[in-house]
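What follows draws every value from the coordinates through simple rules; no lab data is involved. Owing to the predicted nature of the structure, the values given are computational and were not obtained by experimental measurement. Here the Cβ is made from the backbone with ideal geometry for all residues, glycine too, and neighbour counts use every protein chain on show.
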Amino acid sequence: MSDEEVEIYFDSIKHETDAAFLICFESDPFDPVQHWIPKSQVIDMDENKKRIIIPEWIAYQKDLI
């Protein structure tokens, strides 16, 4: 597994549980894309800038890059 980190910019956090964030990408308002990101894999997050930093392998697994 790679130790690389990636920045992902999202449109909103639709839901949050004790274990994960449901981030939403609304490029198509009729078919928004949503992904659960485990909190244990979040390296950094800035809700004001709508940015999350996660390991590269998680981004590939979720088809975010």
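So the values come out like this:
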{"read-out": "Subset of region 33-44 (residues that are over 14 Å from residue 64 (Cβ atoms) and touching a Phe, Trp or Tyr at 6+ places or on another chain (Cβ under 9 Å))", "value": "39"}
{"read-out": "Output for region 10-58, where each listed residue is within 12 Å of the chain's Cα centre (by Cα), assigned to a loop (DSSP other than H, G, I, E, B) and hydrophobic (A, V, I, L, M, F, W, C)", "value": "10, 42, 43"}
